[in-house]
Amino acid sequence: VPTVLFDRVRPGIETSSVESDDFQGAYLATQHLIEQGCQKIAHLAGPEAVENSTNRRKGYLKALADHGLPTEEQLIYTCGFDVSKGRNAVDHLRSVAPDLDGIVSVNDELAIEAILYLTELGISVPEQIKLVGFGDFPIAQIVSPQLTTIQHQPDKIGSEAAALLLAAIQNKDKQPKERKVIPVSLVKRGSS
């Protein structure tokens with residue numbers, strides 16, 4: 001059966017796939033915060049069993065290393081994709097790093113929850129803590145301040161996956177395994 005995996009790609013499954021450059025996205029997000037003067041940057045991480053999350057964590061860690069900032073495991077808080085854990089993450093991170101000045105989130109929803117909670121606590125975004133999300137979903141422009149985020153082109157991922165699937169259906173006997181990685185970009189807004 002012709003098959004194409006997209007977005008959530010699993011290593012070890014021998015089929016074509018289309019995914020965003022999650023590693024590069026998290027690298028760009030972290031680098032951006034460093035360029036904005038952040039020295040103590042946390043990561044709201046996704047589930048470790050999901051390849052997207054793992055690649056985003058690796059991008060975050062690589063950017064820290066490339067810019068001479070230490071890796072501090074206590075600054076990585078695994079939320080999964082559970083938005084309700086955003087408040088707990090902020091409380092934990094502030095307790096282990098009172099000088100926290102930046103957060104890179106695995107997705108926009110967690111970043112927005114962090115902005116809302118920081119605002120409730122009287123902590124100014126971006127003056128005291130800068131944030132970058134991942135996804136560039138419409139909600140990123142509704143929150144105040146608007147969320148700086150990584151645009152990962154879901155339309156492009158979908159169209160490339162459909163094209164690969166159609167090609168596989170037409171060439172059932174010779175189903176080439178192709179991996180496409182869609183580039184990402186940083187969208188700068190008010191949260192950073």
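Selection over the stretch 146-182 of residues that are assigned to a loop (DSSP other than H, G, I, E, B) and touching a Lys or Arg at 6+ places or on another chain (Cβ under 9 Å) gives a count of 2.
When the strands (runs of 3 or more DSSP E) confined to the stretch 1-109 are screened for residues that are farther than 24 Å from Glu120 by Cα, those reaching at least 1 such residues are found at 4-6, 16-20. Filtered by the rule that a residue be farther than 16 Å from Ala42 by Cα, open to solvent by 20 Å² or more (accessible area, probe 1.4 Å) and part of a helix (DSSP H, G or I), the stretch 116-145 gives Leu116, Thr119, Glu120, Pro138, Ile139, Gln141.
Looking at the stretch 1-20, which of its residues are charged (D, E, K, R), open to solvent by 30 Å² or more (accessible area, probe 1.4 Å), within 17 Å of the chain's Cα centre (by Cα) and at negative phi?
To start, the set of residues in the stretch 1-20 that are charged (D, E, K, R) comprises 7-8, 10, 14, 19.
Restricting the remaining residues to those that are open to solvent by 30 Å² or more (accessible area, probe 1.4 Å) gives 7-8, 10, 14.
Filter again for within 17 Å of the chain's Cα centre (by Cα), leaving 7-8.
The answer is Arg8, and nothing else.
Only one entry in Ala97, Ala89 is more than 20 Å from the chain's Cα centre (by Cα) and open to solvent by less than 20 Å² (accessible area, probe 1.4 Å), namely Ala97.
The values are calculated or read from the model by the stated rules, or taken from the named source; none is laboratory data. Owing to the predicted nature of the structure, the values given are computational and were not obtained by experimental measurement. Quick reminder, even Gly has a Cβ in these numbers, built from the backbone with ideal geometry, and neighbours come from all protein chains shown. Surface areas here come from the heavy atoms of the whole protein model, side chains and all, with no ligands, DNA or RNA. Shrake-Rupley method; radii C 1.70, N 1.55, O 1.52, S 1.80 Å.
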